[in-house]
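Worksheet: the structure to be examined is printed underneath.
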Amino acid sequence: MARPAAGKEEITAEHRKAWNRKALQLPVRAEQLRNATEAFADTVFLDVLKNKQNQIVYGRRGTGKTHLLKKLEEDYVAGFEILKVIPVLINGSELKKQASVTYQTPDLIALCLYVEFIEELASKIHKFISNRLPVGLLDKIVRGGEAKTAQMARSIAKSLSLVVEKGEVRFFPSGEGSEEVQNLHVASAKAAADARISLSDPRKLGWKLDAELSRSAETKRSGLEVRKIKGQVILPFSQISAMIEQLLELLDGASLVVLFDEWSDVDEHLDTQPYLADMIKRTVSSITQMHVKIACIPVRTRLASPVTTEKPIPIGYELGDDIVVAVDLDSVVFIENDLDKFLAFFLTLTKKHMGTSLEWVKQMDMVGFQDFVLNQVFAGHDVFSELCQASAGVPRDFLELFQDATKEQMNCGSERLEFIHIRDAASRLYESKKSSFAAGSQELALLDNIYRSIIGKEKTYLFLLSEARSEHPLVRSLWSERMIHRMPVKHYDESNHIRFIYYQMEYGNCVDLLGRQAQASGQANVRALLSGHIKNYQPTSWLSKALEGFVGMVSKRLALATAPAGDRSPNPEKIIVSETFFAG
């Protein structure tokens, strides 16, 4: 297909068909992308994450955490000869599946996850050196083509794959002088469910797992008839650290960066996370050329145990001292004052994603692409703005809405995307998110109360929560599932000296309200008109119901196609969520 130039007049019907086909097949998740770089919309966050320090990337699902880490990985791989950084991308969700955790205690779960983490780390380092670094380049990196040194680097990388064999579990049968030894991998898989991990001094490398084990099939097979076995697991942090450090030195002082994605999914119990974080910290802390970048969801993350009188020294990564928040993707949300900035970002996002398969889109200049999108794909600037508003600044939601709205547009036979297509897609996305909660849940009850008392009454997207109430578990849960969106704007109540935070209701919920209100108004108008002109009008007759239903539906569709979905500048005093909303 010939590539059109910048002008909109050169876009043919074949180009539009190809565009629509691509839109329906658009990958909306970073995991589905074959090339993260091609679809990446440049942001300052990428440069921030290249700092040599332990960093956190905060963001709810769909905000771009995975895409950001994948792009960072590709940059490091492509520029290894200059940057000398080995990236290792770890997926916490996959780690949990591979670990086959069957225990209930946080420390043992963390032990299983850590062993799997080390195996994954070792495997990917070995793969990187063996497959991604040609022999010639490796020899060049280690100075002067020293094949022996290069061979040593490969040998160490391979040895890391067996590193879990270095740890030992020694079982001492009660009253016996003999002992039984297992490797760390076997121990993590067979440890008793009532075992506990304890720390003597958190500043020292080394964890001890003290276990009280009952008689088991393993002891019977070994011929040891004992009632109680005391066990001790020594995790080989120092050996692991030494091997990694030696490998990096051989690679001319290269660095190792662990890109840990989906951290919040490593386990459903938050108490597990500090133990795993501490194990990783102990592996990394002694290696100056090694850092971690952890991508996680704020309300589902606990990187360190809380400080208490009994436990004044926390376990895990302490915020500020051990690790810093480098990126908060949830701070990037759509607000009216930033309209131009967000339009530019989402236009770039659209061009990047569509350009991965359509070469003519990739080659278009930005001015021509903007003109094409706003005037030929969408029915004007306002409709595209509506899509940005509907996504609340979440890239995955934007792409899903764009894809779904395109499908509806094609089914309706419309030439361009219009308000009604965006709004219908938003309603479906809202219902999909809503299904994350059980019917009748406290979260949905609170959402409904805010919806009826503020959103519906004031006809707005927005509401205000005090800073204290923003930390309420129900609010955090709704925010985490993208049912509400926290905005980087605050309102200060001077009379009561209280700070409030602006929140935006999920757009699909607001659209639903708009449609239902228009439908009810249309039905009421028909009823009033007919009762004023028809003697003995019977509103309960089938004909009356049919007429009211038809006019109500037409009114609803008309409102969805033309009417504003909500006030974006409401009176702050009218949209405050009071304490009574949380009563009971």
Query raised in the report: Before we move on, is Lys71 touching a strand residue (DSSP E or B) at 6+ places or on another chain (Cβ under 9 Å) and either within 21 Å of Trp263 (Cα to Cα) or at pLDDT 85 or above (or both)?
Result: no
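Condition check ((1) among the acidic types (Asp, Glu); (2) over 22 Å from Arg60 (Cα atoms); (3) outside the structural domain of Trp19 (by TED's automatic domain parsing)) across all residues:
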| position | (1), (2), (3) |
| --- | --- |
| Leu401 | no, no, no |
| Leu417 | no, yes, no |
| Leu446 | no, no, yes |
| Tyr503 | no, no, yes |
Query raised in the report: Which residue pairs have Cβ atoms under 8 Å apart, sit 6 or more places apart or on different chains, and have a first residue in the stretch 114-127 that is assigned by TED's automatic domain parsing to the domain that holds Gln151 and a second that is among the hydroxyl-bearing types (Ser, Thr, Tyr) and not in a helix (DSSP H, G or I)?
Result: Glu119/Ser161; Ala122/Ser161; Ser123/Ser161; His126/Ser161
Query raised in the report: Checking Glu245 against (1) of a type in the set (Asp, Glu); (2) under 24 Å from Pro87 (Cβ atoms); (3) in contact with a Lys or Arg (Cβ under 9 Å, 6 or more places away or on another chain), which single condition isn't satisfied?
Result: (3)
Requested in this report: Answer yes or no: is there a residue in the stretch 491-509 that is crowded, with 18+ Cβ neighbours inside 10 Å and small (Gly, Ala, Ser).
Outcome: yes
Query raised in the report: So, of the residues in the stretch 418-438 that are among the aliphatic types (A, V, I, L, M) and at pLDDT 90 or above, which turns out to be farthest from Cys510 (Cα to Cα)?
Result: Ala438
Report task. Give the residue that is modelled with the highest pLDDT, with candidates limited to residues of the stretch 124-137 that are touching a Leu at 6+ places or on another chain (Cβ under 8 Å) and of a type outside the set (D, E, K, R). Result -> Ile125
Query raised in the report: Taking into account only those residues within the stretch 94-130 that are of a type in the set (Gly, Ala, Ser) and touching a Ser or Thr at 6+ places or on another chain (Cβ under 9 Å), which is surrounded by the fewest Cβ atoms within 10 Å (Cβ to Cβ)?
Result: Ser123
Report task. Scan the stretch 27-68 for residues that are touching a strand residue (DSSP E or B) at 6+ places or on another chain (Cβ under 7 Å), within 23 Å of Leu401 (Cβ to Cβ) and among the aliphatic types (A, V, I, L, M) and jot them down. Result -> Leu68
Report task. Kindly list, by first and then second residue, each pair from a residue in the stretch 392-417 that is among the polar types (S, T, N, Q) to a residue that is surrounded by fewer than 22 Cβ atoms within 10 Å (Cβ to Cβ), limited to pairs with Cβ atoms under 7 Å and residues at least 6 apart or on different chains. Result -> Gln403/Leu24; Gln403/Leu26; Gln403/Val28; Thr406/Asn20; Thr406/Leu24
Requested in this report: Would you confirm whether any residue within the stretch 415-427 is out of contact with any strand residue (DSSP E or B) (no Cβ under 7 Å at 6 or more places or on another chain) and loosely packed, with under 15 Cβ neighbours inside 10 Å?
Outcome: yes
Query - Among residues of the stretch 262-317, those that are part of a helix (DSSP H, G or I) and among the hydroxyl-bearing types (Ser, Thr, Tyr), counted - result: 4
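The values are calculated or read from the model by the stated rules, or taken from the named source; none is laboratory data. Keep in mind that what you see is a predicted model, and the values were worked out from it rather than measured. Backbone-built Cβ (ideal geometry, glycine too); neighbour counts: all protein chains shown.
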